[in-house]
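Asks: Let me give you the structure first, and then I'll get to my questions.
No value in this document is a laboratory result; all are computed from the given coordinates. In this text the structure is predicted, and so the values were computed from the model without any measurement. Every residue, glycine as well, gets a Cβ built from its backbone with ideal geometry; the counts of neighbours run over all protein chains shown.
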DNA sequence: CATATTCCTATCATATCACATGGAAATTAA
DNA sequence: TTAATTTCCATGTGATATGATAGGAATATG
């Protein structure tokens, strides 16, 4: 499997935040209930999104999380690259291809590179706004 | 990681067989030595290729494996679909999307389906012959 | 202060991966 | 026929990633 639940849940968190369409902080508890996912697991995921500056969090009463940008300004790639351990389709491509010493002579290496580019382009040409519109027809974004 | 060593090794086996450009059976021992991969591991991989009718094997002295078709008639998809446990980029898409009960309402499902199609198209539009030519400029195929 | 909520650091069960071991069956050459 | 070769078949194993869970410290509100 390429994209793990971790990355998929991250996208669902972002969609949920966008759908609330609020300038208030949204408690993770609410997101976990709506999405029917363990709050503790979501916690570890949204932490990565905070560190990656995709969302911001505030502690204490009235705290929670909120988006930092408009949803058309988040690409799916932005979200996945933070939450997935690797977006390379093959191990040869990790660490800029330093991982494989056969890279220079390998007959399959250019092929994997092309596959990687194809996937990366696909993921970085879609925004959070695209996902919202795709299903609702509406526009939740500011 | 998306494509495991299993699938990558399978492609290297197929390339190796094509490069021998022979109507004789090629012993797996030779392939393992040339590719510097454990023969026993390759054995379990090439078994899947035999069962999938991509190659044929013969036992005993003078035995080995050989391709059944011209290499322009093998797509990379053909090879990977046999050797990888799943080519679906996300779990939601396994078993024709039956795996996920949220599929009908999920805002991300159409997106994953598109990603899957993009990848599948990429993999099924390249043949073994393409990989051989890409690196050597020559044509090993009949 | 009491409560809500994020942050931080562990731990754990399960599955998959990459590979190894041990042999049975078949084919050919001598 | 015998020995050598080689595919076929089943099962075992250590390492790693994944998908969680647990407990508590820090911080903000009222």
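Asks: For the protein assembly as shown, take every pair of Cα atoms, bin their distances at 10 Å starting from 0, and report each bin as a whole percent.
Replies: 6, 25, 28, 18, 13, 7, 2, 0
Asks: Among chain B residues, which Cβ is nearest the axis of the B-onto-A rotation, and at how many Å?
Replies: Checking which Cβ lies nearest the axis yields B:2, 2.
Asks: As a check on your grasp of the helix formula, calculate [θ] at 222 nm for the protein assembly as shown: sum -39500 (n - 2.57) over DSSP H runs of n ≥ 4, divide by the residue count, round to the nearest 500.
Replies: Numbers: 12 runs with 140 residues, N = 284.
So the helix-based figure for the protein assembly as shown works out to -15000 deg cm²/dmol.
Asks: Now for a separate question. For residue A:57, place a label point 7 Å from Cα along the Cα-to-Cβ direction in every copy; what are the distances to the other copies, in nm, shortest first?
Replies: 5.2
Asks: Something else now. Give me the number: length gained by fully extending residue A:81 to residue A:61, i.e. 0.36 nm times residue separation minus the C-alpha to C-alpha distance, one decimal in nm.
Replies: Details: separation 20, 0.36 × 20 = 7.20 nm, distance 3.10 nm.
Length gained, residue A:81 through residue A:61: 4.1 nm.
Asks: Between B:12, B:53, B:101, where does the largest GNM mean-square fluctuation fall for chain B, given springs only between Cα atoms within less than 10 Å?
Replies: Looking only at B:12, B:53, B:101, the biggest GNM fluctuation is shown by B:101.
Asks: Under the definition of Cα pairs under 8 Å and six or more residues apart, what whole-number percent is the relative contact order of the range B:5-136?
Replies: The value is 26 percent.
Asks: When chain B is modelled as a GNM with alpha-carbon springs shorter than 10 Å, which of B:15, B:119, B:79 fluctuates the most?
Replies: B:119
Asks: In whole angstrom, note down how far apart the Cα centers of the range A:6-33 and the range B:1-80 are.
Replies: Taking the Cα centre of the range B:1-80 as reference, the centre of the range A:6-33 is 48 Å away.
Asks: Another question, then. How far is residue B:124 from itself in the other copies, in nm, if each label sits 7 Å out from Cα along the Cα-Cβ line, shortest first?
Replies: 2.8
Asks: Next up: 7 Å from Cα along Cα→Cβ at both residue A:41 and residue A:24: what's the point-to-point distance in nm?
Replies: 2.8
Asks: Considering only A:113, A:61, A:69, give the residue with the highest GNM mean-square fluctuation for chain A, with springs between Cα atoms whenever their separation is below 10 Å.
Replies: Greatest mean-square fluctuation among the candidates belongs to A:61.
Asks: If you take the alpha carbon radius of gyration of chain B and divide it by 2.2 N^0.38 Å, what ratio comes out, to two decimals?
Replies: Details: Rg = 17.4 Å, N = 142, 2.2 N^0.38 = 14.5 Å.
Here the Cα radius of gyration is 1.20 times the empirical estimate.
Asks: Within 10 Å of each Cβ of B:3-11, how many other protein chain Cβ atoms are there on average?
Replies: Working: counts 8, 2, 3, 0, 1, 7, 0, 0, 4.
The shielding value for this peptide is 3.
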